[in-house]
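So the structure is just underneath, and the comments pick up after that.
The values are calculated or read from the model by the stated rules, or taken from the named source; none is laboratory data. These numbers come from a predicted model, not from an experiment. Neighbour counts are summed over all protein chains in view; Cβ atoms, including those assigned to glycine, are modelled from backbone coordinates with ideal geometry. Only protein heavy atoms, including side chains, enter the accessible area calculation; ligands, DNA and RNA are left aside. Shrake-Rupley method; radii C 1.70, N 1.55, O 1.52, S 1.80 Å.
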Amino acid sequence: MSLRYSGPAGNYPVYTCRADRGHDGGPLCQEVRALPVDARVESILLEALTPDRIAIAVAALGQMEEEARQLERQWALRRERARYEAERARRQYDAVEPENRLVARSLERGWEEKLRAAETIEQDYERWRSDEPLVLSAADRDGLLALGENLPGIWHAPSTTAAERKSILRLIICEVVLDQKRLQGQVWIKILWQTGATSEHSVQRRVHTYGDYFNIDTLRTRVTELNAAGKMDKEIASALNAEGFIAAHDCAFKGDNVWLLRRRRVFPRSKSTERAPIPSDGQTELIPSKELLQLLALCRRRSSNTWHAA
């Protein structure tokens, strides 16, 4: 995916897949809002570099170093044996009488085969060395453990630039793959770490309708529970926000949102949508219509009697 900026002032970064448009001139494959994805990847990175995880990684690296030392000894034996075989074949060739050309040619071919075998082993050894685990000194280990303690502060420090954060990210993560069509209401994230490992994650995305909302059944169930507890729409909205729920348009819930969703039957209707009675603690109660009419009739009669008496 490539990055572009949208919005009236170009302030909103968006990851865009242009594969379909590039191949056959079709519409964009998909677009993913960048800020929620970046925040999720950032949290995953910082979680992966917590002090306890770094300590586990350093301990595992020590075990890998011991295994590497054992393999180094095995490679040394293989290389030494291959060189010995090639040298032995050379001595046999040198020892043959020049007149015995048939034997000389056979020994020469054997010598060349041993040389090629020795060269192949050397090439395999160099490739293995290039993939060999990093060997850390004691000072390096202590520095990594200290980094785990200070990394969140360094990452969020105002003095740390975006380029420096990106450099830290590239040291740990090789590639990030996104797909917002795989999971309903979510962006699927696959991270390829520099170690060769992979991990899968997700982040809730903004949707246009609650038909595409992530885990709408859980949200509906929670609203029903809060309603059964006698909560009003504003109270339900506050509870949903406190529990980490996000509205479809990636914003906080409000009482108006909950009321509108009830009206559209996304959430079940309940008593919290009815007009609440005015409290009676020192305040005027709402007078029923029948009693109100009787009161008005009484006032009219009294007013009429007073006028005639005058």
**Message:** Show me the helices (runs of 4 or more DSSP H) entirely contained within the stretch 80-197 in which 2 or more residues are among the acidic types (D, E) and open to solvent by less than 60 Å² (accessible area, probe 1.4 Å).
**Reply:** 101-130
**Prompt:** Of all the residues that make up the stretch 112-134, how many are in contact with a helix residue (DSSP H, G or I) (Cβ under 6 Å, 6 or more places away or on another chain) and modelled with pLDDT under 90?
**Reply:** 2
**Request:** Identify, by number, the condition in (1) open to solvent by less than 60 Å² (accessible area, probe 1.4 Å); (2) under 19 Å from G255 (Cβ atoms); (3) not aliphatic (A, V, I, L, M) that R222 doesn't meet.
**Result:** (1)
**Prompt:** Mind checking which pairs have a first residue in the stretch 64-85 that is over 13 Å from D124 (Cα atoms) and a second that is in a helix (DSSP H, G or I), Cβ under 7 Å, 6 or more apart or different chains?
**Reply:** R83/A118; E85/K114
**Prompt:** Out of E42, E47, E31, which single residue is more than 23 Å from S167 (Cα to Cα) and at pLDDT 80 or above?
**Reply:** E31
**Residue check, R206 at pLDDT below 80 and part of a loop (DSSP other than H, G, I, E, B)** = yes
